[in-house]
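Beneath this line is the structure, given in structure tokens, with notes to follow.
The numbers here are math on the coordinates, done by the rules we state, and not lab data. These numbers were taken from a predicted model, which means no experiment stands behind them. All Cβ positions, glycine included, derive from the backbone under ideal geometry; neighbour counts span all protein chains shown.
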Amino acid sequence: MNKRLYDDNLYRFDTPQRSYWEATAADIGVNAPPLAGDDDCDVAIIGGGYTGLSAALHLARDHSIDVRVLEAGHFGWGASGRNGGFCSMGGTGLQRKDLVKMVGLDNAREFFRSQVEGVELVREIAASEGIEFQAFGSAELEVAHLAKAFDGLTEDHHLLTSKLGISAELFSAGECRERFFDSSEQFGALMTRPTFGLHPLRYCRGLANAAIRRGAVLHEHSEVLSWQKADDGSHRISTAGGTLRARRIVYSTNGFMPETLRPEFYARTLPVISAIIVTRPLSESEKAAHSWVTEHPSINSRRVLNYFRLLPDGRFMFGGRGHSTGHPDGEAETYRRLESMLKKIWPEWSKVDIDYRWHGLICMTGSMVPSIGQLDDDGSVYFGYGYHGNGVNTATWTGKQLADWIGSGGMPAMPEIVHGMARKFPLAPLRLKYLRAGIAFSSWRDRRS
């Protein structure tokens, strides 16, 4: 068993999360028997989330390449089946203005252009492959949780519209109350497009089935336990059920990355626990109590932010950062904290029952942007990871870039800042300790505000 950062509770590949998504996607099956025996292929993909499945779909459909996907759990077990279903722009752990300062305006503009391309790619795949993922809303709202936070949104509005070429609108607290919703932490909002909500697990399984139809072979419950390079230059990857020999590898495990399979990937990621709760369906009068009339996915302006949206069946989804160990006791405490926060922000819903609770991992990098590339010393190994909680569009886009790279033999045009291996985290064994310190400090600043 590969050493993991968190408690084993987070890596039970045989156990689905008791999530709303799992409960409402049971009608979509994926024909992906575990790997059994010895076999070979041109490209083996390790990790069956959005990155791996998008790569498999585009490799098989657009380049007629023999490709197989190995997934440790069932398809959608990881972050691609657990996230909040925001198909939105993001993909970085930096504030917009800080990204511009770090990489320059031209590079930031190029990065945001790729984010828009990712959102539109998800729509295009759904249309061309017949994936019904319950699209909901047509923009993202970033809500000022304090009156002074609106100043920051105003600054971002100017940056987005005048410098980065992104469609955005600014709304006062009164306009927000009239057009979207109201709460105890609503002091105006910034609306950006393109963005929409979706059912992430239905999208993930739809991608899997599309890849199979186009000729890819998928294997679930096939955790990779070892990975060796043979004398002939091929890769030999082994699971509990068999071995697979491949000319090329796509490594796309993101926040659930088993770092010790290849030493080059050690300490390149910092997984962060995120948790979500979902209420029972709200009545019309309950929605009216907080003037809720929007379908748009939303986030707030806290440093340790929350993300939330109304679901198509009237339930309310609310998420935020989780605990710092992965242990079941910390998981339970996270859910209590999220429920308390939901009731604080929307006090008229304080007696609404919570029907679903689950958690997962988002993936940060030391570079604070996604990492896409080939290993310097082995051009047959490709990788894509590090979406900072914004994987629906970013991972889908990354998978296509990797497929086009392999299929054409040349690196596709992509933002300079995402190309190559992310910086290694310093003092790697202490990653969780300085993550805890950072979250604690940010939470303290939110409370002081």
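Observations on the structure shown:
- Simple spin-label estimate for Ala288 and Arg336 gives 3.6 nm between the two label positions (7 Å along the Cα-to-Cβ direction from each Cα).
- Cα-Cα over 28 Å, subset of Lys3/Lys344; Lys163/Lys344; Lys3/Lys433: Lys3/Lys344; Lys163/Lys344
- Here the simple spin-label model places points 7 Å from the Cα toward Cβ, and for Ser380 and Ser162 these points are separated by 5.4 nm.
- Folded to 0 to 90 degrees: helix 149-162 orientation relative to the chain principal axis, Cα: 50 degrees
- If you run the Gaussian network model on the chain, springs between alpha carbon atoms under 10 Å, then out of Tyr50, Tyr356, Tyr203 the most flexible one is Tyr356.
- Sequence-distant lysines (8 or more away, or on other chains) whose Cα lies within less than 25 Å of Lys351: Lys287, Lys343
- Cα lying deepest toward the dipole's positive end in segment 45-131, options Met102, Gly84, Ile125, charges on Cβ: Met102
- Segment 241-287 and segment 81-147 have Cα centres spaced 18 Å apart.
- Spatial separation of Cα centroids for segment 379-449 and segment 156-205, in angstrom: 24 Å
- Most mobile listed residue (Leu207, Leu430, Leu141) in the chain, GNM with C-alpha springs under 10 Å: Leu430
- Which of Cys41, Cys204, Cys176 has the fewest Cβ neighbours within 10 Å, and the rest in rising order: Cys41, Cys176, Cys204
- Of the residues Phe180, Ser64, Met341, the one whose Cα sits farthest towards the positive end of the charge dipole of the chain is Met341 (charges of +1 on Lys and Arg Cβ, -1 on Asp and Glu Cβ, taken about the Cα centre).
- The residue list Thr294, Pro271, Ser167 was ranked by how far each Cα lies along the charge dipole of segment 165-294 toward its positive end, using unit charges on Cβ atoms, and Pro271 comes out on top.
- Neighbourhood charge, 13 Å Cβ-Cβ cut-off, centred on Thr161 and excluding it, Lys, Arg +1 and Asp, Glu -1: +1
- Dipole magnitude for the chain: computed about the Cα centre from +1 point charges on Lys and Arg Cβ and -1 point charges on Asp and Glu Cβ, it is near 1200 debye.
- GNM result for the chain, Cα springs below 10 Å: residue of Glu348, Glu140, Glu71 fluctuating most strongly: Glu348
- Hypothetical label at Asp353: residues of segment 258-295 whose amide nitrogen lies under 14 Å (7 Å Cα-Cβ projection): 278-283
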